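Undergrad: Take this structure, written in structure tokens, and hold onto it; I'll ask about it next.
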Amino acid sequence: MSIISTFFSVWGSGVSEKSFEIFWVHQFFFIDFLSQEAETNAKNMELEIGRLQKNLEQKDQQLQDSAFSTEKVYTFSIVYLSSLLLFTVI
């Protein structure tokens, strides 16, 4: 069964061929609208993912810097306490 005969069997014989054409033109524009919406949403999601990735990289760098600073302070403290201990023993 063709699309045209299916359409007329569903909508009845009172539907003209012009109405059928108008129906499909509307369907085409609706599908085009939906695809444009999907493309816009996809682009917006890509931008958001990029922004989140950049934010994550910045937070990771801050965490690495903080860990490095903490390690330096810890190392300095151990060296300082070791020297104090050395002087108290002497």
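Undergrad: Quick one: what do you get for the range 18-89 if you divide its Cα Rg by 2.2 N^0.38 Å? The partial results should precede the final answer.
TA: Details: Rg = 30.9 Å, N = 72, 2.2 N^0.38 = 11.2 Å.
That works out to 2.77 for the range 18-89.
Undergrad: If the cut-off is 25 Å between C-alpha atoms, which lysines fall inside it for LYS59, apart from same-chain ones fewer than 8 positions away?
TA: Of all the lysines, those that pass the test against LYS59 - Cα under 25 Å, at least 8 places apart if same chain - are LYS43, LYS72.
Undergrad: So if we plug the beta-carbon distance of LEU85 and ILE49 into 1/(1 + (r/R0)^6) with R0 = 35 Å, what FRET efficiency do we get, rounded to 0.05? Spell out each step's value before the answer.
TA: On the way: r = 53 Å, r/R0 = 1.51.
Once the sixth-power term is evaluated, E becomes 0.10.
Undergrad: Calculate one ³J(HN,Hα) per residue across the range 32-48 by plugging θ = phi - 60° into the Karplus curve 6.51 cos²θ - 1.76 cosθ + 1.60, and present them in order as whole Hz with x for glycine and proline.
TA: Each residue of the range 32-48 in turn: 4, 4, 5, 5, 5, 4, 5, 5, 4, 5, 5, 5, 4, 5, 4, 5, 5 Hz.
Readers should treat all values here as calculations from the given coordinates under stated rules, not as data from a laboratory. Values in this document were obtained by computation on a predicted structure and should not be read as measured data. Reconstructed Cβ throughout: ideal geometry from the backbone, glycine too, with neighbour counts over all protein chains shown.
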